[in-house]
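Structure record follows, encoded as structure tokens.
We did not get these values from a lab; they are worked out from the coordinates using the rules stated. Quick caveat, the model's predicted, so the values are computed rather than measured. Quick reminder, even Gly has a Cβ in these numbers, built from the backbone with ideal geometry, and neighbours come from all protein chains shown.
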Amino acid sequence: MHLYLGQNPRTLYLVTGSHDERQGRPSRALIFRAADSNPSQVIVEFLPKDEVNLTSAVRLTNRIVKGCLGLISIDNETFLAVITSATEVGNTRPSDSSPETVARIHEVLFYCLTSSTWDDFSASQDTLLNPEATDTLMTREHYPQSGPAPVFEHPCMPLTKILSSGSFYYALEPHWDISSRLSVRLSRERHTSTDLATFDERFVWNEYIVRSLLDFREKLDPHEREDLDHCQFIILAVQGYVGVFTMALPAPPTNGSPAIATLSLISRLSWRRAGTRFNTRGVDDDGHTANFVETETIFSTDQHCVSYAQVRGSVPLFWEQQGLQTFGHRIQITRPGASQPAFERHFSHLMEEYGATHAINLLGSKENEAILTSAYAKHLQLARGIWGDDLGVTHYDFHNAVRIGGHDSIVRDLRRLESISDNMDRYGFTMCDTSSDVVVTEQKGVFRTNCLDCLDRTNFVQDILSRRSLEQYLMLVRREWVQAGALWTHHRELWAENGDALSRIYAGTGALNTSFTRSGKRTLAGVLSDATKSVSRAYINNFQDKGKQTAIDMFLGNLNNQKQVNIFDPIHDSVRKVLEQRLSEYSTTQPCSIFVGTWNLNGRPPSESLLPWLFPRDNFSEPDMFILGFQEIVALTAQQLVQTDPEKRRMWEARILESLDHRPLKKCDYVLLRSEQALGTALIVLVRSELTAVIRNVEGATRKTGLRGMSGNKGAVGVRLDYHDTSFCFLTAHLAAGHSNVEERNADFRTIVNGLHFQKGKTIESHENIIWLADTNYRINLENEAVRSLAEAEDFDSLVAADQLRQAIDDGEAFTGYEEGPLLFRPTYKYDLGTDNYDTSEKMRVPAWTDRILFKGPFDLAVYSRAELKGSDHRPVFALFRAEVRIIDVVKRAALSRLLMESTLSTSPGEKLDEKLAALMLPTHLVELPPPSSDEGAWWDKPEHPNGVFPILAVHLSERQSSSNPFDSPAESPLSSSPSSSDEELYTHAMSLQTPITPMQATRPPPPPRPRQSRAGDIAE
């Protein structure tokens, strides 16, 4: 097919060529044009080729276009992604009646649909790539992390590098689904097995950018849909590895000609927690793990087709590796007490998809790997209470086994381990008859293998398990082939190439140990090659992978500011708008209480009870969450400025958990959800244990501001989370010190807001609810003696008038849009340690409210005060918030969406669709409310209502329009059915009626009195 560009309006034409038509494909054109009103909306048409006028169109590329991957919006421009170079890998089932051929993508180009700005740059990419050289595209020079980006670089260049890396594959025939393993494809109904829209969503990487085209396809009539599929305009791509070898094997004694067999290996990498080595680890709240790969070994002959599937994936806990990583791995389990729900979701997915699951954990006994193994075993033991014997685990220290007996010992050990050999027999493999596709036997379980990266050690063990499964099959049907050297040579080569391919995707280099995988022995050249790869990995992972991670997130639609390209569809657009307006119909809210506290510790360890701070009010129920921020949690020495010391933070975590566990009248348990630290600043989030299942997407991030952003002696730590369907962002910070350094503090705030980012492009301001709990270091612009005197007299209004932070907010210099409770407590800085005396040292620092809590969002602030703990030169500050979290019922939302769609499409004779759409739209403001009253005027005192006198309308005088007699009983009243009523009954009934309204002159009530403060610092409730 060919790609053309037309002008006035700007249009892209994807048109079948003569070569396609000779292969029996319909003569068709797929046409793309940007909508005038919305640049992220596209008009798509599917027309016969002879109805398209291409006389004035320009052919954009001399290449034969293989197909379209989808549409993506970048920098407010819409681009069409097309495959311009691909090679055939091979047919994975040549003996089947329908071929299942795989192609490897070598080049993808992006053409702009909305602007001509990038036409020349797209053309400059139009140089044929050497397929053998595509693997080098993912190396470090393509993802620079420092220095300005090229001024005229195509905005899609990072995506081009990823998609042209040689790691993406697609099915050459439209009738088979490369994303699904053989057993799944065979189990589908015949009509769905050939449907392009039927695929495994876990492994189709362009699902985000192709979704709008798939929706467009669904709206076509069946004949047009079939033509669209046969044209192969739409391509579904998987990432991973595909290798195919066809070989001759010894013939049976009854036949002199050799048997032809095909051995294939297909690895499908999941996109659901996609990313690079040090940027993406562990599990997410939905149970998806980093580097999750399904690998399928397929052995096909003229009699049978055999499939054996395995999976690999990161340890399904919340863990990370932050900072510079060299050859020692500093591992942090970020949510040690809150991983079980996500852990169980992960294994629930595996059980549902594959049946019984046996985990093979290859982590070693070194400190960091041992921590992961211990936590993994603990979570598995709890999960076995759900699934029993269907979930098992084998812990095998791979590195220790190699040190003792070499790589050969791994093969022997895995054959001897009963937990593995027994499950090999129990799970079996999938086998079908080649001529009829009838399933003879089906695989009943899966091995889930992991090491730290799920690369080198994992690939080595999976190679052994794959061979074992093939041997099981051969021992049943062709025993002599077990000794066929060609078969196992090709098998080793496939697994070595698979290890290299998956390692290049995740770590940037080929896999280690592949020399042994290929040859069956360890050589000096292999050792040197592994050393070189290790050094390259360390460099690429630390200095290049962040750029690659951003490009991956952009391609998958994970960036927070991305908009998915929609195909122009007024009906669906209207339904979406109605759904947004009717949110309350498919969602509910529930109350949430949050304790927020901040304390500058001055490097001091815990020395007193924390209960007066954590539970300051007896009349408040135990909060759902504790958000605790600390500054100077470690003494800021020269050594601490270089590397974060987590020991003090762990000491405070233990003390806090101990205080919560031993509090009086305890009604619930709390678990540590997330803890994050940047040198002296730390943020600790604890939640009720029963809430861990409904709090998701918990992330931490830091931003340094000290020494011009190079040091964490000043800066911020943030934690964000989703509580049901409501987002929260919590930040603790330590801003620039010094009484007069107001502008430095303002600059620190701007640096944090602009520079602190969470995963997938989320920023601070992209959250619904934001709370800062910080040592802001803003001071009071008064003389020292005046501040001390006013503080002693509790003349807080005079102090607030001179407060630097309030002035910065009023001037729009910092914290614009944020609220703070009234400052009804004494300044919290600076005290002589262990006393109630403000600083009496030589410096005699001016007291100030340096420690503050500010918020943005629909919060109800109940209390804002300080606690009288004396273990530091600051007093801790706390706030108690009430909020509401929204819970969306996805089933109700889908049902309402279907109802609206059906109602929209079912138009009556003579009824105009536009009018019906308008009728479906709910008005934005159902009732126009009057403005609130103020000291200057009241809403009811208007010229049309002088002195607040309102005329009484007739409709207000009586609610019963049918009767003028108030003593008449309603028809359904028991009084009306009685033959007679006594005077007492009539009197009683009359007294229950509403008193008639008498017009009265309105007088405006005086303003309410100021609430009396029973405790200093409390806000009236």
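Show log10 I(q)/I(0) for segment 812-870 at q = 0.15, 0.22, 0.28, 0.30 Å⁻¹, two decimals, from a solvent-free Debye sum over equal Cα scatterers. Here the Debye-derived log intensity ratios amount to -0.59, -0.94, -1.21, -1.31.
Evaluate the Kirkwood expression for the hydrodynamic radius of segment 411-461, namely the inverse of the mean inverse distance over all pairs of different C-alpha atoms, and round to one decimal in Å.
Working: mean 1/r = 0.0766 Å⁻¹.
About 13.1 Å, per the Kirkwood formula over Cα pairs.
Modelled label positions at Ser374 and Glu201, each set 7 Å beyond Cα in the direction of Cβ, lie 3.9 nm from each other. Dividing the Cα radius of gyration of segment 65-124 by its Kirkwood radius returns 1.18 for Rg/Rh.
Give, in nm to one decimal, the length gained when the segment between Arg696 and Asp390 is fully stretched (0.36 nm per residue of separation minus the Cα-Cα distance). Before the final figure, lay out the partial values.
Values: separation 306, 0.36 × 306 = 110.16 nm, distance 2.71 nm.
This chain segment gains 107.4 nm when fully extended.
Working note: Cα atoms of segment 157-288, range along each principal axis, descending, whole Å: 56, 47, 31. For Lys714, the aspartates and glutamates whose Cα comes closer than 14 Å to its Cα, not counting residues fewer than 8 places off in the same chain, are Glu632, Glu744, Asp748, Asp775.
Note on segment 587-888: dipole from Cβ charges, positive end direction compared against Thr702, Phe878, Gln590; the farthest Cα belongs to Thr702.
Which percent of the Cα-Cα distances in segment 542-615 go past 19 Å? Provide the component values of the computation, followed by the final result.
Values: 1958 of 2701 pairs.
Taking all Cα-Cα pairs of segment 542-615, the fraction more than 19 Å apart is 72 percent.
Stokes-Einstein diffusion of segment 309-421 at 37 °C, 0.692 mPa s viscosity, Kirkwood radius from Cα pairs, rounded to a whole number: 212 µm²/s.
Remind me, what semi-axes does segment 796-900 give for its equivalent ellipsoid, largest first in whole Å, using sqrt of 5 times each Cα gyration tensor eigenvalue? Before the final figure, lay out the partial values.
Values: eigenvalues 345, 60, 21 Å².
Largest first, segment 796-900 gives 42, 17, 10 Å.
On the basis of the beta-carbon distance and an R0 of 60 Å, Glu224 and Arg416 show a calculated FRET efficiency of 0.50. For the peptides 857-869, 435-447, the ranking by packing is 857-869, 435-447, with the highest mean count of neighbouring Cβ atoms within 10 Å listed first.
So, R0 is 30 Å and r is the distance between the beta-carbons of Glu471 and Asn400; what FRET efficiency does that work out to, to 0.05? Walk me through the intermediate numbers first.
Numbers: r = 27 Å, r/R0 = 0.89.
Step by step, r from the Cβ atoms, then E = 0.65.
Dipole magnitude of segment 306-402 about its Cα centre, charges +1 at Lys/Arg Cβ and -1 at Asp/Glu Cβ only, in debye to the nearest 20? Intermediate values should be presented prior to the final figure.
Details: 7 positive and 9 negative charges, 50 e Å.
Approximately 240 debye in magnitude.
In terms of the mean number of neighbouring beta-carbon atoms within 10 Å, the peptides 377-385, 363-371 order highest first as 363-371, 377-385. Translational diffusion coefficient of segment 182-221 (Stokes-Einstein, Kirkwood radius from Cα pairs, 25 °C, 0.890 mPa s): 215 µm²/s.
Neighbours of Phe292 by Cβ distance under 9 Å: Lys/Arg scored +1, Asp/Glu scored -1, total +3. Over the C-alpha atoms of segment 20-102, the Rg to Rh ratio, Rh being the Kirkwood estimate, stands at 1.05. Of Asp422, Asp500, Asp810, the sequence from fewest to most neighbouring Cβ atoms within 10 angstrom is Asp810, Asp422, Asp500.
When you work out D = kT/(6 pi eta Rh) for segment 438-479 at 10 °C and 1.306 mPa s, using the Kirkwood radius from C-alpha pairs as Rh and the Stokes-Einstein form, the result is 131 µm²/s.
Between the beta carbons of Ser436 and Arg893, assuming R0 = 41 Å, the FRET efficiency works out to 0.40 to the nearest 0.05. About the centre of its Cα atoms, segment 47-124 shows a dipole size close to 220 debye [charges on the beta carbon of Lys, Arg (+1) and Asp, Glu (-1) only; nearest 20 debye]. Applied to segment 45-60, the Karplus parametrisation 6.51 cos²θ - 1.76 cosθ + 1.60 on θ = phi - 60° returns per-residue 3J(HN,Hα) values of 10, 10, 10, x, 4, 6, 8, 10, 8, 10, 4, 9, 7, 10, 6, 7 Hz, with x for Gly and Pro.
Pairs Lys378/Lys762; Lys648/Lys704; Lys843/Lys870; Lys161/Lys704; Lys378/Lys666; Lys161/Lys563: which are spaced more than 24 Å apart, C-alpha to C-alpha? Over 24 Å Cα-Cα: Lys378/Lys762; Lys161/Lys704; Lys378/Lys666.
Taking Lys and Arg as +1 and Asp and Glu as -1, the other residues whose beta-carbon sits under 10 Å from that of Thr334 total 0.
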